[in-house]
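Taken together, the values in this text are just the output of simple stated rules run on the coordinates, not laboratory data. What you see is a predicted model; the values in this text were computed from it and never measured. Cβ coordinates were reconstructed from backbone atoms using ideal geometry, including for glycine residues, and neighbour counts include every protein chain displayed.
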Amino acid sequence: MTHKATPLSIRAIAIGFATDMFLTQLFVLALMIVLFDPGSSSECLAQRIDFHLLDLLGLSWGLLFTGLGGFVTGRLAPASRYSSAFMTGGLSLLTSLSINGEPSEWSYILGLALTVPAALAGAWASSRWRD
């Protein structure tokens, strides 16, 4: 019995990666508006917030969006679900490395370590999703 290798779905990888990047950028934009708009106060929220909480917030939402990108990839390419989601997570990881530079904080290092597993978890969730 021969085993055929399933090719990666470039379309699914691209759409999953675009989902991750679009949602992440939308979140960052919304967060910037909330943090730097003073509203009716004389000082903005960025001057009063604990930045460790902000790191944790960014880490959790970023990993959620990477998982959603893996989910989209898994739904679009069910035959190559995990390998395509692995590539989607890898692209997200490379993008994070190119944008953020040197890993210096615990949240950044944890985010790098969990990016690909988050995409794979999204692909796993897509296999459990019912039509």
Around S9, with a cut-off of 14 angstrom between Cβ atoms, what is the net charge of the other residues, counting Lys and Arg +1 and Asp and Glu -1? +3
Where does each of 84-93, 53-62, 14-23 land if you order them by average Cβ count within 10 Å, highest first? 84-93, 14-23, 53-62
Give, in nm to one decimal, the length gained when the segment between W106 and L8 is fully stretched (0.36 nm per residue of separation minus the Cα-Cα distance). 32.0 nm
Can you pull out the trypsin sites (Lys or Arg not before Pro) in region 46-123 that DSSP calls coil and that have at most 13 other Cβ atoms within 10 Å? R48
